[in-house]
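Enquirer: One structure is given below, represented as structure tokens, and several questions about it will come after.
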Amino acid sequence: MVTGMNGKVALITGATSGIGAACARIFAEAGMKLMLTGRNEERGKAVLKQVQAQTDAAFMAGDVQESAFCDKVVEAAMTRFGALDVLVNNAGVIHRTAALETTDKDWIEAMGINVNGVFWCSRAAVRAMKAGGKGGAIVNVSSEWGLTAGKGHVAYCTSKGAVINLTRAMALDHIEDGIRVNAVCPGEVRTPMLENGLKRRGYDAKTGFEILGKSLPIGRVAEPEEIAKVILFLASPDASYMAGSIVPVDAGATAR
């Protein structure tokens with residue numbers, strides 16, 4: 001377990017399922033106080049109920065495509081907990097289309113959630129962290145397809161690539177403020193997002209995950225908690241010399 005996180009305050013976007021929900025559980029185990037957000041209030045409250053047994057936590061439903069909401073949820077975290085130490089930008093959406101099949105609406109949503117939302121939340125968090133005078137850490141969730149690319153996912157790949165350079169630029173801008181900004185690039189993870197993609201290809205979840213796992217160097221897909229533990233490390237003082245780092249968590253997929 002990482003050190004120095006007990007009592008720290010984290011805001012986690014996209015916390016209603018997958019990696020975001022796993023972060024909520026892992027961060028709660030580390031003794032952190034949590035402000036969770038996502039668009040699905042029912043799922044968000046279910047995750048909230050899981051972590052409230054361990055820590056002080058709250059959930060606010062909303063859409064990170066709206067800059068005003070990003071400001072609002074950061075303000076809510078500050079009001080409730082009196083500080084903001086960590087931001088995890090996990091909210092994301094995927095459209096499984098090549099350019100000619102990608103509608104304007106799909107493109108705008110991918111950029112709105114995957115890029116704009118990361119920026120809006122980060123900007124609000126930096127403002128709060130600077131005012132607090134104790135620095136902080138931001139961890140952005142990109143993707144292995146931000147480093148490489150995947151056929152038939154043009155908006156997703158573009159947006160996740162943008163998150164990588166946003167991470168680097170903000171890391172350089174705010175390292176002197178004591179705010180470290182890093183990113184993880186997960187590979188294939190057992191999440192509802194991936195499960196939906198497998199169903200589109202005609203697989204049931206169990207068979208699809210098994211077939212996909214066999215195509216990877218490690219021989220299986222990741223569990224969300226495996227990504228969450230890396231995110232927790234990057235957010236912790238144990239990663240104190242890491243800023244602007246882009247960390248693949250893909251079991252060798254991008255090493256091939």
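The values are calculated or read from the model by the stated rules, or taken from the named source; none is laboratory data. Note that the coordinates shown come from a computational prediction; the quantities given were computed from them, not determined experimentally. Neighbour counts are summed over all protein chains in view; Cβ atoms, including those assigned to glycine, are modelled from backbone coordinates with ideal geometry. Side chains are part of the model used for accessible areas, which takes the heavy atoms of the whole protein and leaves out ligands, DNA and RNA. Shrake-Rupley method; radii C 1.70, N 1.55, O 1.52, S 1.80 Å.
Enquirer: Determine whether segment 151-168 contains at least one residue that is of a type outside the set (Asp, Glu) and on the phi > 0 side of the Ramachandran plot.
Expert: Checked against the condition, which is being of a type outside the set (Asp, Glu) and on the phi > 0 side of the Ramachandran plot, segment 151-168 yields at least one hit.
Enquirer: Does any residue of segment 113-122 turn out to be assigned to a helix (DSSP H, G or I) and either more than 17 Å from the chain's Cα centre (by Cα) or under 13 Å from ALA10 (Cα atoms) (or both)?
Expert: Yes.
Enquirer: Return the residues of segment 237-256 that are more than 14 Å from SER142 (Cβ to Cβ) and at pLDDT 95 or above; say none if nothing qualifies.
Expert: Within segment 237-256, PRO237, ASP238, ALA239, SER240, TYR241, MET242, ALA243 qualify.
Enquirer: Of the conditions (1) open to solvent by 30 Å² or more (accessible area, probe 1.4 Å); (2) among the hydrophobic types (A, V, I, L, M, F, W, C); (3) in contact (Cβ under 8 Å) with a residue 24 or more places away in the chain; (4) within 30 Å of GLU176 (Cα to Cα), ALA131 clears all except one; give me its number.
Expert: The one condition ALA131 does not meet is (3).
Enquirer: Give the residues of segment 1-29 that are surrounded by 18 or more Cβ atoms within 10 Å (Cβ to Cβ) and more than 25 Å from ILE113 (Cβ to Cβ), sorted by residue number.
Expert: Within segment 1-29, MET5, LYS8 qualify.
Per-residue answers, yes or no, for (1) in a helix (DSSP H, G or I); (2) charged (D, E, K, R); (3) over 21 Å from ALA98 (Cβ atoms); (4) out of contact with any Cys (no Cβ under 7 Å at 6 or more places or on another chain):
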residue	(1), (2), (3), (4)
VAL126	yes, no, yes, yes
GLY152	no, no, no, yes
LEU194	yes, no, no, yes
TYR203	no, no, no, yes
ARG220	no, yes, yes, yes
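Enquirer: So which residues in segment 96-126 are in contact (Cβ under 8 Å) with a residue 12 or more places away in the chain, out of contact with any strand residue (DSSP E or B) (no Cβ under 9 Å at 6 or more places or on another chain) and among the hydroxyl-bearing types (Ser, Thr, Tyr), if there are any at all?
Expert: Once the filter is applied, which keeps residues that are in contact (Cβ under 8 Å) with a residue 12 or more places away in the chain, out of contact with any strand residue (DSSP E or B) (no Cβ under 9 Å at 6 or more places or on another chain) and among the hydroxyl-bearing types (Ser, Thr, Tyr), segment 96-126 yields THR97, THR102.
Enquirer: Take THR13 and tell me if it is under 16 Å from the mean Cα position of the chain (by Cα) and of a type outside the set (D, E, K, R).
Expert: So THR13 passes the test.
Enquirer: Within the group MET60, MET78, which residue is open to solvent by 20 Å² or more (accessible area, probe 1.4 Å), at pLDDT 95 or above and outside any helix (DSSP H, G or I)?
Expert: Every option except MET60 fails the conditions.
Enquirer: If SER67 satisfies all but one of (1) surrounded by fewer than 20 Cβ atoms within 10 Å (Cβ to Cβ); (2) touching a strand residue (DSSP E or B) at 6+ places or on another chain (Cβ under 8 Å); (3) farther than 27 Å from LYS199 by Cα, what's the number of the condition it fails?
Expert: Exception for SER67: condition (2).
Enquirer: So which residues in segment 30-53 are of a type outside the set (D, E, K, R), within 18 Å of the chain's Cα centre (by Cα) and either within 17 Å of LEU232 (Cα to Cα) or modelled with pLDDT under 95 (or both), if there are any at all?
Expert: Result: ALA30, MET32, LEU34, MET35, LEU36, VAL51.
Yes or no, residue by residue, for (1) over 16 Å from GLY7 (Cα atoms); (2) touching a Ser or Thr at 6+ places or on another chain (Cβ under 8 Å); (3) of a type in the set (Asp, Glu):
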site	(1), (2), (3)
ALA53	no, no, no
ALA61	yes, yes, no
LYS72	yes, no, no
GLU75	yes, no, yes
MET78	no, no, no
PHE81	no, no, no
ALA91	yes, yes, no
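Enquirer: Looking only at segment 30-54, how many residues end up being assigned to a loop (DSSP other than H, G, I, E, B) and either open to solvent by less than 20 Å² (accessible area, probe 1.4 Å) or not polar (S, T, N, Q) (or both)?
Expert: Count: 5.
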